[in-house]
Each structure stands twice: as C-alpha cells, then as structure tokens.
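Read the structure below first, then the notes.
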Ligand SMILES: [Zn+2]
Ligand SMILES: [Zn+2]
C-alpha cells in the first residue's frame, strides 16, 4: 500500500506548558472516505486553549495545535461524504451529530456517542517530520487546513463573515445554547451571570433573546459593565466594590433568589455561590466554566433538597449540525450581537499577542485570520 500524500499546512503549534505558540509547517493526512478537508479562514481564541498553554487544564498531549472555534470553506470531500461539498462554508466541531445513535435520537442531549469514542481514541492527523502532533478538541483550528469527520462539520449560511461566524463554534454555542437548550430560560425570568467574558456575554444575550426581564451580570472587571449592558444586562455587580455577600445581595435584589444562574468562569467557589443564589423551590444553576484539572465542587445537599437544580452542558447542549447553524439566523435577524463580541482581529502570525490580550482581560474575543 502506498503511503497517503501528506499536505503541508501552516499552523501555530504549542510545544509545552508556558511556551508561546510557534508558527511552523506541519503535515496533515488527507481526508478519508468519510472526512472533509477544510480551509480555515478565521479562528477565535478561547480560555480553554489558554488553559492548555498554561497547564491549568491539559486534556491533550504536547505538541498540540490549539484552536476549536474556527470557520472556513470545504476544500475537498472523501468519496462517501454526502452532506457538504467543496465551497460550502462550515464550522468544525468537537461534538459531531451522527443523527442515528441513541443519544442523537434521544432529543435530550447534543453528546453524540461518537464524541465519546473520539475522546477515547483521538485521531492523529497532524505530524511534524513523522512525529505526531495533537489537535485541541480534535479540531486544531490554528492550522490553515484541518480534516474532520463529516458528522463533525456544520454547514453555515454564506452571508456571515468568517471572523464573526467562527464564534458560534464555541463561545456563542456555549453561552446562548446554555440558556436555550440547557437551562431553558423562559420569559420574565431573572438570571444571574457569573463572569462576563466570551461565554458570559453570550449567556446575557441569550437570556435577553429568551425574554428574561432581570439579567444581572457579575464580574470583578469594571470595564465589563458597559459591555454587559450592551448585550442585555439590566444590572451589574462588581463583588470587589460590593459590601457584604454577593449571594445575599442577589437574594435581596430578586426577592428570594434568581430563577436561573450561570457560572462562566471555571471557579468551583463561584459555582457554589451560583447554586446558592438561585431561588429555593425551582432555581436552576448551570455550570459552564472549566475549573483547573482535579478540582471538586463542594455543594450542600440541602441546597438541592430545597428544590434547586444544578446542571452543566458541553457546547450549551446545542446539537451541532441540526441546531447550531440556526444561531447565525438569530444573528442575521438582529437577535444576537456578534460584532461587539469580536473585539480584536489579528493575522495568525500575531496569535501570541491575542493570548496576551486574553490574559490581561482586554479582549472579549480575539479572532485570528488566515
Ligand atoms: Zn472554547
Ligand atoms: Zn450520534
């Protein structure tokens, strides 16, 4: 059997904890029969990528090509691919949607069973001089081309620019999806959002879209207040400028506790507060942030026995092929604001500057373009 021809692609590679990304040429295996070659046009920088770089949470071995919030164009399809074709605009996703496994058919979850199989045995498509290179979230969208299974590719509308469209692949799906498909916030609800970064601001605008009347943003960065209000927040709390306990303050503000809360930082201490500030009887807390590896969440069983619910979701529980592209329809209808989400754009060559902005809290989303 002859060895498959490898493609030479440009990628920002992370070789170890604490190291800046290095731009280099890597080799990519061509698409198999059920796979798609995608030319990446834009990719957002996410805290999860940063956590891998800094060693806070390292689900993938080094060296690794980070990036899991990309958008691009289908360049080539394997022989068995039926649902996308060259030229289609697409978003690649770590969670696929095969459409026929037990989970896909359940109507309850976006976690296609193939996703778990992919976690057990991640594909190794990238290499440098024959040495394997991992791809974050099995994506690796800081590469100019990637290969994905057809079921992990969502076709999107063509009239949204790639540098905005890419955000639905992580931040928008996680935040807006958590409101619509995880917590299922209803009209007139009260909502508290802990952490107003890329995820939290999307929870805020998802809550506005759902018709929540009281949307309380909580962040220690005072600069986030203006932004949060632009996305729909009706109240802002800075815990560092607040005398007393945030939970008590939220209970007082809402006459007993919020209907829904969302933790978008990845702090187990904040998750505890987010649960406690929900209303006894029916409050729902959704944990979205990714805590450091190994952390446990301390909760009081009595908080749950008082009728509260604690939930979590991956990519907001949005089904990635059948529901995710609809998020761009909401943007086109003026229901979602993506323009203010993408605060910085940089060429791939300057990606490390983007992570500086992220670390300093000066960006909401930085998108690198190719
Ligand atoms: Zn992400
Ligand atoms: Zn499935």
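FYI, it's all coordinate maths here, none of it is from the lab. What you are looking at is a predicted structure, and each value in this text was computed from that prediction instead of being measured. Counting neighbours? That spans all protein chains shown, and the Cβs are built from the backbone with ideal geometry, glycine included.
Pairs of Cα atoms under 8 Å, at least six residues apart: use those to get the relative contact order of the range 266-370, whole percent.
Here the relative contact order equals 20 percent.
When a footprinting reagent is the concern and you count Cβ atoms within 10 Å, what order do 144, 267 take, fewest first?
Listing 144, 267 from fewest to most nearby Cβ atoms yields 267, 144.
Provide the FRET efficiency to the nearest 0.05 for the residue 360-residue 116 pair, computing r from the beta carbons and using R0 = 35 Å.
Plugging the Cβ-Cβ distance into 1/(1 + (r/R0)^6) gives 0.45.
Between the alpha-carbon centers of the range 333-370 and the range 127-151, tell me the distance in whole angstrom.
22
Quick one: compute the contact order of the chain, relative version, from alpha carbon pairs under 8 angstrom and 6+ residues apart, as a percent.
Relative contact order of the chain: 17 percent.
Test of understanding: express the Cα radius of gyration of the chain as a ratio to 2.2 N^0.38 Å, with N the residue count.
Rounded to two decimals, the normalised Rg is 0.98.
What is the distance in Å between the Cα centres of the range 14-33 and the range 53-80?
9
Place a point 7 Å from Cα of residue 345 in the direction of its Cβ. Which residues in the range 128-154 have their backbone N less than 20 Å from it?
141-145
Just to verify a number: FRET efficiency for residue 32 and residue 352, C-beta to C-beta distance, R0 = 35 Å, to 0.05?
FRET efficiency, residue 32 to residue 352: 0.60.
Most mobile of 55, 87, 107 per a Gaussian network model of the chain (Cα springs, under 10 Å)?
Among 55, 87, 107, the largest mean-square fluctuation in the Gaussian network model of the chain belongs to 107.
As a footprinting exposure proxy, order 263, 248, 150 by other Cβ within 10 Å, with the fewest listed first.
Starting with the residue having the fewest Cβ neighbours, the order is 248, 150, 263.
Starting from the Cα-Cα distance between residue 79 and residue 102, subtract it from 0.36 nm times their residue separation and give me the gain in nm to one decimal.
Full extension of this stretch gives 5.7 nm more.
Between residue 230 and residue 131, 0.36 nm times their residue separation minus their Cα-Cα distance comes to what?
30.9 nm
Going 7 Å from the Cα of residue 297 in the Cα-to-Cβ direction, what parts of the range 180-195 have a backbone nitrogen less than 16 Å from that spot?
182-184, 192-195
I'd like the distance separating the alpha-carbon centroids of the range 168-236 and the range 316-330, in whole Å.
Between the Cα centres of the range 168-236 and the range 316-330 lies a distance of 17 Å.
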